[in-house]
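This report refers to the structure that appears directly beneath it.
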Amino acid sequence: MKGFRYLQHVATLELNRAQCTGCGRCVEVCPHGVFAVAEGKARITDKNACMECGACAKNCAAAAILVDAGVGCASGLINEWFRERKMRGVGGNCCS
Amino acid sequence: MPGFLGWRATAVGRVAEIATTLTFGDLLGRWKARWGIGRMSYLVPAGLYAVGTPTADDPVLVTANYKMSYDIVRQALSGRNAWLLVLETFGINVWCAAGKGTFGTDELVRRIGATGLARVVSHRRLILPILGAPGVAAHEVTRHTGFAVLYATIRATDLPEYLDNGMVTTQAMREQTFSFRERLALVPVEVVMAQKPTVVVCVVLFLAAAAAAGPVNALFVILAWFGAVLAGTVVTPLLLPVIPGPSFAFKGAVAGLAWSILWYLVAGGAGWGRATVGAAFLALPAVSAFYALNFTGSTPFTSRSGVKKEMRLAIPAMGCALLLAGGACLAGLFL
């Protein structure tokens, strides 16, 4: 995304090129231009731009994409941490 | 029903016709939602709506039942004939609802069935917002309903161009932006969300500081804290691309440090004791950093893994800074 760059080398995005059918859905749904399709296969061209929204994996009919998608805000993660320990959260969810 | 004009007869019975111009009440409602007033009950009924005088050949657009989403989409369809399929997302916008899965495959499939859409239109195409894709598996929708999913644009304001363009998405339409204006729109709700804990903390701080150093000094303490909250919730979002570092906590700490220096100069820091100076320069950046880190939840480019990584380092650092600041205050009192 122009003018913005978050932490590098952290995205969990993985593409299994052997499974890819080159349909191009990932290119259509990615808001950060992470993918490109060439010669019938998708390719990750800018992994560091990935925000792990999970749109590509969800829309991949060939199930060739893996990404750890989910709530990405601090208060949401703190709440998740509390929930995992069966404790009541303190704050709200970011998108509640 | 906001924007209701009348009824339109279709193959499955009557469908509400809706206006594409927003009234003063709609704009006031949007302003209130931006400020967090009644935001969680700002919704419209899910279902199928008619924009203009649509026929069986006209396009079907899908959106969430957050009223702001519904308003922005119907406004973008001004002067056109189209069907608007509103999903039950419980008053949450498309992007957040997609993340939760309520703007999702199941709800879309269910809503297509419940509205009898297949009998209303003769084609089998649905136009969805790109930011709805994290919740919707297009191929599953097609498998269950026969409708093909077209991910059109990120912003509803690009819909007219998309529709005029023969439903072709240009590069610009699928490119996420986060302009000053877009960030400015998010600031009020950041401030409102921070309000409650800030009031509690300020009351406690005021009482403690008043007991130790008198009410005037206590007032200075809560003003300093309040400024740090604003540095994290207002200054950091607005100046986001200008403040150095990819880490939001770091950006917030920089804004908080700037505020500490400003406050030192404005509030007569030269006359403060060493402990007070130390406490201010530790606590204020930590508070600002916390709110800046929380802003990752409102941006369209921060990843979950990135936020996790930041938090592992930043939360203990903030905790230490606050403890040290508290320690410095106590030391200043007794030493």
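The values are calculated or read from the model by the stated rules, or taken from the named source; none is laboratory data. Computed from a prediction, not measured in an experiment: that's the story for all the values here. Here Cβ is always computed from backbone atoms with ideal geometry, including for glycine, and neighbour counts include all displayed protein chains. Ligands, DNA and RNA are stripped out before the accessible areas are found, and what is left, the full protein with its side chains, is counted by its heavy atoms. Shrake-Rupley method; radii C 1.70, N 1.55, O 1.52, S 1.80 Å.
Taking the criterion of being buried (at least 19 other Cβ atoms within 10 Å of the Cβ), more than 7 Å from chain B (Cβ to nearest Cβ) and not in a helix (DSSP H, G or I), the residues of the range A:21-43 that qualify are A:Cys30, A:Val34, A:Phe35, A:Ala42. A single member of A:Cys53, A:Cys60 is part of a loop (DSSP other than H, G, I, E, B), at the interface with another protein chain (Cβ under 7 Å from one of its Cβ atoms) and under 28 Å from B:Thr177 (Cα atoms), and it is A:Cys53. Of all residues in the range B:274-309, those that are more than 8 Å from chain A (Cβ to nearest Cβ) and of a type in the set (Lys, Arg) total 1.
Would the range B:310-322 turn up any residue that is more than 15 Å from A:Leu7 (Cβ to Cβ), at the interface with chain A (Cβ under 8 Å from one of its Cβ atoms) and open to solvent by less than 30 Å² (accessible area, probe 1.4 Å)? Within the range B:310-322 (the criterion being more than 15 Å from A:Leu7 (Cβ to Cβ), at the interface with chain A (Cβ under 8 Å from one of its Cβ atoms) and open to solvent by less than 30 Å² (accessible area, probe 1.4 Å)), the answer is no, since none of the residues qualifies. Against the numbered list (1) within 14 Å of another protein chain (Cβ to nearest Cβ); (2) open to solvent by 40 Å² or more (accessible area, probe 1.4 Å); (3) under 18 Å from B:Ile18 (Cβ atoms), B:His144 comes up short only at (3).
Here B:Val191 meets the list (1) of a type outside the set (Lys, Arg); (2) touching a helix residue (DSSP H, G or I) at 6+ places or on another chain (Cβ under 9 Å); (3) away from chain A (no Cβ under 11 Å); (4) within 23 Å of A:His32 (Cβ to Cβ) almost entirely, failing just condition (4). Of all residues in the range A:44-66, those being among the β-branched types (Val, Ile, Thr) and either crowded, with 18+ Cβ neighbours inside 10 Å or free of Cβ contacts under 8 Å to residues at least 12 places away in the same chain (or both) number 2.
In the range A:4-20, of all residues being buried (at least 16 other Cβ atoms within 10 Å of the Cβ) and within 7 Å of chain B (Cβ to nearest Cβ), the one that is modelled with the lowest pLDDT corresponds to A:Phe4.
Looking at B:Pro316, B:Pro300, B:Pro285, B:Pro237, which one is under 17 Å from B:Val221 (Cβ atoms) and not aliphatic (A, V, I, L, M)?
On the way: B:Pro316 fails: under 17 Å from B:Val221 (Cβ atoms); B:Pro300 fails: under 17 Å from B:Val221 (Cβ atoms); B:Pro237 fails: under 17 Å from B:Val221 (Cβ atoms).
From the options B:Pro316, B:Pro300, B:Pro285, B:Pro237, the qualifying one is B:Pro285.
All conditions in (1) more than 23 Å from B:Val191 (Cβ to Cβ); (2) open to solvent by 70 Å² or more (accessible area, probe 1.4 Å) hold for B:Ala56, with the sole exception of (2).
The number of residues in the range B:103-132 that are closer than 19 Å to B:Met68 by Cα and out of contact with any Gly (no Cβ under 6 Å at 6 or more places or on another chain) comes to 6.
Here's the yes/no breakdown for (1) assigned by TED's automatic domain parsing to the domain that holds B:Ala231; (2) farther than 22 Å from A:Ala63 by Cα:
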{"residue": "B:Leu126", "(1), (2)": "no, yes"}
{"residue": "B:Glu140", "(1), (2)": "no, no"}
{"residue": "B:Val149", "(1), (2)": "no, no"}
{"residue": "B:Thr170", "(1), (2)": "no, yes"}
{"residue": "B:Phe206", "(1), (2)": "yes, yes"}
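When B:Leu219, B:Leu230, B:Leu186 are screened for being under 30 Å from B:Leu108 (Cβ atoms) and in the same structural domain as B:Phe281 (by TED's automatic domain parsing), only B:Leu186 passes.
Out of all the residues in the range B:288-310, which are more than 8 Å from B:Gly252 (Cα to Cα) and over 15 Å from the mean Cα position of the chain (by Cα)?
Let us first name the residues in the range B:288-310 that are more than 8 Å from B:Gly252 (Cα to Cα), namely B:294-310.
Residues satisfying the conditions are B:Ser303, B:Arg304, B:Ser305, B:Gly306, B:Val307, B:Lys308, B:Lys309, B:Glu310.
Across the range B:200-255, the number of residues qualifying as open to solvent by less than 30 Å² (accessible area, probe 1.4 Å), within 21 Å of the chain's Cα centre (by Cα) and of a type outside the set (A, V, I, L, M, F, W, C) comes to 7.
For the range B:106-141, taking the residues that are acidic (Asp, Glu) and more than 17 Å from B:Tyr49 (Cα to Cα), the one that is farthest from the other protein chains (Cβ to nearest Cβ) is identified as B:Asp106.
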